[in-house]
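Have a look at the structure below, then the notes.
What follows draws every value from the coordinates through simple rules; no lab data is involved. None of these values were measured; they are calculated from a predicted model. Cβ placement follows ideal geometry from the backbone for every residue including glycine, while neighbour counts extend to all protein chains displayed.
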Amino acid sequence: MKILVIHGPNLNLLGRREPGIYGTDTLAEIDAELVAYGKEKGIDLRTAQDNSEGAIIDLIHEAMTWADGIIINPAAYTHYSYAIYDALRASGLPSVEVHLSAIHRREKFRAHSVIAPACLEQIAGHGKRSYFIAIDVLYRYLNGD
Ligand code: DQA
């Protein structure tokens with residue numbers, strides 16, 4: 001099983017970026033934990049981060065050639081990127097949307113995700129644990145249960 005985890009804009013600043021909201025772990029630390037967790041489950045899990053919409057769309061297109069599923073934290077693009085929504089739909093890959101913070105309990109603009117309808121589930125508000133929950137969801141889905 002092969003899974004791509006995509007982190008969107010500003011998530012490269014994790015650890016320093018509003019730690020009260022996003023936690024103190026760096027993205028490199030989280031990625032290492034995700035890869036290790038995947039390994040335990042026999043998943044070849046790869047991670048990528050990009051700050052631009054087009055590059056994220058390219059990652060989704062490339063994933064069509066090798067991945068079985070996608071986990072994506074589209075960050076601020078969550079709230080307005082129809083292009084990322086379209087790319088996920090076009091890929092046909094099962095996808096899970098992730099957020100560290102509880103987007104439904106923050107500013108009004110964060111409550112709405114244009115990406116969610118392209119995903120199996122949206123996992124939000126559990127800090128870095130949101131990503132681990134997403135791995136479990138996708139793993140079960142890909143195993144057919
Ligand atoms: C986020 C929530 C978004 O609203 C925000 O723009 C982010 C991070 C999260 O993980 O909580 O950059 O996706």
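With a cut-off of 11 Å between beta carbons, the residues surrounding K2 carry a summed charge of -1, where Lys and Arg count +1 and Asp and Glu -1.
Each principal axis of the Cα cloud of the chain was evaluated for its coordinate range; sorted largest first, these ranges are 36, 31, 27 Å. Distance from the Cα centroid of the stretch 26-53 to that of the stretch 1-22 is 10 Å (rounded to whole angstrom). Between A55 and I133, the simple spin-label model (points 7 angstrom out along Cα→Cβ) gives 2.9 nm. The value of relative contact order for the stretch 2-142, using C-alpha pairs under 8 Å at least six residues apart, is 26 percent.
The GluC sites (Glu not before Pro) of the stretch 90-145 meeting both criteria, a DSSP state outside H, G, I, E and B (loop) and at most 13 other C-beta atoms within 10 angstrom of the site's C-beta, are E107. Sites listed here are trypsin sites (Lys or Arg not before Pro) in the stretch 1-82 whose DSSP assignment is loop and whose Cβ has at most 16 other Cβ atoms within 10 Å: R16, R17, K41.
Sparsely packed loop sites in the stretch 41-145 (the chymotrypsin sites (Phe, Trp or Tyr not before Pro) outside DSSP H, G, I, E and B with at most 15 other Cβ atoms within 10 Å) comprise W66.
Highest mean first, the peptides 70-76, 55-61 sorted by other C-beta atoms within 10 Å per residue fall in the order 70-76, 55-61. The phi torsions of the stretch 100-105, fed into the Karplus equation with coefficients 6.51, -1.76 and 1.60 and a -60° offset, translate into couplings of 5, 8, 7, 4, 7, 10 Hz, rounded to whole numbers, with Gly and Pro shown as x.
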